[in-house]
Amino acid sequence: MMNLNCYLDVNPEVAAAVAAGKPVVALESTIISHGMPYPQNVETALNVEKVIRDNGAVPATIAILGGRLKAGLTPEEIEYLGKTGQAVTKASRRDLPVIVAKGLDGATTVTTTMMIAHMAGIQIFATGGIGGVHRGAETTMDISADLEELANTPVMVVCAGAKSILDLGLTLEYLETHGVPVLGYQTKELPAFYTRRSGFEVDYRIDSPKELAKVFKVQRDLGLKGGILVTNPIPEQYAMNFDVINKAIDEAIAQSVKDGIKGKATTPYLLAKVKDLTGGDSLASNIQLVYNNARLAAQTACEFEKLTGDN
Ligand code: PSU
Ligand code: MN
């Protein structure tokens, strides 16, 4: 087993692929433990790995187990994270040293998945949605650590945009300030997770995995700090009605204020409320957009290998 640092376990298949410069795609585990109910979370996590394999890359689901940073999980470990659900600590950057020191388990957010992927030599990561600047952040200062990680860690994150539980305009401003390119895959409009549209523009429209790989390669070659955010709209047939989803989000936010929800509890609370308010519809959409992102991330990883491989 390759050990790049003494707290990290990279599974043998992932380690071999990274060493050979073969395409690898990282996946997060907060989406498993906190983002979806059991057993759909486990089913989705296993299927998403298959989608990545079917598209020519090796999947590396990331988590913290017994204080070990893990890049590449077994199906049993994925089952454990899914079944244990919210009882697994949602681990962001500030949680990492304590969880490791205490030998605990942690479900990795976009932030910690990027960190551990980078430690393991993995450069491309697929997820559902990222955290961002919350609505009302001008008074709460609730800004996800995901944005700061994108500013600092050289990993490409493929997502379906951001849910409008966030202030999408302020999220884009924050990313601009920190020099993070926000790319729309075959669109100039920022997708809003459940919907293909948001009313906000991304920086650039990019039309192929090959072109995405090229932008990432140039960013690396220029030695620029930080990652890239690729926003990939949910396929039309799985998208939700704009008004239905936004009404549910407004209700969820009003309820969170009434319930006094703060800090790291906010995002999981809002996600769960939105899911309750929309019934099974939002879960079905959520699952499909994750597969769609996994496909694009794997295809981009394959193109990136062609640009960077020895020739
Ligand atoms: N947004 C989603 N689904 C998710 C998350 C965000 O649509 O599952 C999770 C991701 O793991 C993300 C984290 O990194 O929530 C952000 O949490 P916070 O806002 O507390 O930083
Ligand atoms: Mn927050």
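The values are calculated or read from the model by the stated rules, or taken from the named source; none is laboratory data. If you're wondering where the values come from, they're calculated on a predicted model, not measured in any experiment. For neighbour counting, all protein chains shown are included, and Cβ atoms are generated from backbone atoms with ideal geometry for every residue, glycine included. In case anyone asks, the SASA skips ligands and DNA or RNA and just uses the protein heavy atoms, side chains included. Shrake-Rupley method; radii C 1.70, N 1.55, O 1.52, S 1.80 Å.
Remarks
- Applying the Kirkwood pairwise sum to the alpha-carbon positions of region 187-311 produces a hydrodynamic radius of 16.7 angstrom.
- Our note on the geometry: Cα centres of region 163-219 and region 35-71, 24 Å apart.
- Region 73-226 gives an Rg/Rh value of 0.97, both radii derived from C-alpha positions and Rh following Kirkwood.
- Each Lys and Arg contributes +1 and each Asp and Glu -1, all at the Cβ; summed about the Cα centre of region 1-129, the dipole is approximately 320 debye.
- A convex hull fitted to the Cα coordinates of region 217-256 yields 113 cubic angstrom per residue.
- Length gained on full extension, E201 to E236: 10.7 nm, using 0.36 nm per residue less the C-alpha separation.
- Along its first, second and third principal axes, ordered by size, region 105-183 spans 37, 30, 20 Å in Cα coordinates.
- Of all lysines in the structure, those lying under 23 Å Cα to Cα from K275, and not within fewer than 8 positions of it along the same chain, are K83, K90, K163, K247, K258, K262, K264.
- Global form of region 170-218, assessed from the alpha-carbon gyration tensor, a/c cut-off 1.5: oblate
- Rounded if a/c under 1.5, otherwise prolate or oblate - region 69-134, Cα gyration tensor axes: rounded
- Charge dipole (region 137-293, unit charges on Cβ, about Cα centre) - positive-most of L222, P268, T195: L222
- Loop sites in region 226-311: trypsin sites (Lys or Arg not before Pro), DSSP, at most 15 other Cβ within 10 Å: K262
- Coordinate range along principal axes, alpha carbons of the chain, Å, largest first: 55, 43, 35
- H34 exposes around 20 Å² of accessible area when a 1.4 Å probe is run over every protein chain in place.
- Calculation over all alpha carbon pairs of region 1-140 in 10 angstrom steps from 0 returns a P(r) of 13, 45, 33, 8, 1 percent.
- Max mean-square fluctuation residue, GNM over the chain, Cα-Cα springs under 10 Å, options T108, T74, T231: T74
- Each Lys and Arg adds +1 at its Cβ and each Asp and Glu adds -1 at its Cβ; summed about the Cα centre, the chain shows a dipole of about 260 debye.
- Surface/4 estimate of mean projected area, convex hull on alpha-carbon atoms of region 254-305, nm²: 5.0 nm²
- Dipole-positive endmost among Y238, L170, I116 within the chain (Cβ charges, Cα centre): I116
- Here region 204-273 is assigned +1 on the Cβ of each Lys and Arg and -1 on the Cβ of each Asp and Glu. Its dipole about the Cα centre then comes out at about 420 debye.
- Accessible surface of the chain [probe 1.4 Å, protein heavy atoms]: carbon and sulfur percent: 54 percent
- Cubic angstrom per residue, convex hull over Cα atoms of region 1-54: 91 Å³
- Per-residue [θ]222 nm for the chain (sum of -39500 (n - 2.57) over DSSP H runs n ≥ 4, rounded to 500): -14500 deg cm²/dmol
- Estimated distance in nm for a label pair at C6 and N246, the labels positioned 7 Å out from Cα along Cα-to-Cβ: 5.4 nm
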